[in-house]
Amino acid sequence: MRVVWIVLMLAVGLVGCAPAPTETTEAPEPLELLTAAAGLIREVETFRLAVDVDGAPHLFEAILGDDGLVSAEFLRARAQYRAPDEFQGQVRIRYAVPIDVEVYANAVGQSYRLGNLPWIFGAFAPGFTPAMLLDEVSGFQAALTNMTDLVYVGRTSLEDGQPVHQVSGRANGAQVSSLVVGLINTTADIPLEVFVNTETGFPARITMRVPQPDGQESAFVIDIYDVNAPSEIVAPPTPQPRPTEAITAPSDLLTQPTAEATP
């Protein structure tokens, strides 16, 4: 009996010392994750966007003063959105020289100015309205909920330490164009990577590769941050169109030194 009792005690001790089963975290279903993120961002009052481009130059058409519709290279953008339909930011383009274009848009229209020159009442990005960022058929909603070939890549972190879920897939270029102020002009399906904050559920970053006519690609990185931060949008004075005093952008700016903006 003594031997049996010792054996039983050893068995109980071994069971008590066994490691507890490791709890596994099930990977989220990608479409549910993206749909929830789209729903959250559509409910906010404000957010900021930072758009940077690498790789092959990305050209787009813009209206610049007397020069009218021109082809320029998109370099980057920094902007703030305020619900329901207001947007202000700075777009850096290259047209003969690098130029910083301040852009303001609301439901009524757009105004822009080149450097510190006077505001021009007119469309810098024809067809774009701020509401497109959160519309049901464009912007975040389209980019996050209409993606195909979805794959949940896993958990990772961004450079600032922000923990994120990473999802890859493809989306139609026309549907996601408003994420970069309407400056993408393609209807092709393009590869996207979406990064959703694991703690807040908000989209934190979207990257996409946009094909160029020469067969190369431009890599866009779109960061979303300062969600619901105080708005710093200040609407410019509403000037009246003055065709006889319109500004010829390149000739005006080429006579002035253009300082590189701090990233």
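The values are calculated or read from the model by the stated rules, or taken from the named source; none is laboratory data. Please read all numbers here as calculations on a predicted model, not as lab measurements. When we count neighbours, we look across all protein chains shown, and the Cβ atoms used for this are built from the backbone with ideal geometry, even at glycine. Protein only, heavy atoms only, side chains kept; ligands, DNA and RNA dropped before computing areas. Shrake-Rupley method; radii C 1.70, N 1.55, O 1.52, S 1.80 Å.
The table for this structure:
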{"read-out": "Gain on full stretching of the segment that runs from Asp214 to Ser71 - 0.36 nm per residue minus C-alpha separation", "value": "49.9 nm"}
{"read-out": "Computed accessible area, Ser157, all protein chains, 1.4 angstrom probe, square angstrom", "value": "70"}
{"read-out": "Residues listed by number, region 205-223, amide nitrogen under 16 Å from Asp149 label point at 7 Å toward C-beta", "value": "207-212, 217-218"}
{"read-out": "Whole-angstrom gap from region 206-240 to region 130-200, using each part's C-alpha centre", "value": "13"}
{"read-out": "Calculated diffusion of region 80-168, Stokes-Einstein form, Kirkwood radius summed over Cα pairs, 10 °C and 1.306 mPa s, µm²/s", "value": "101"}
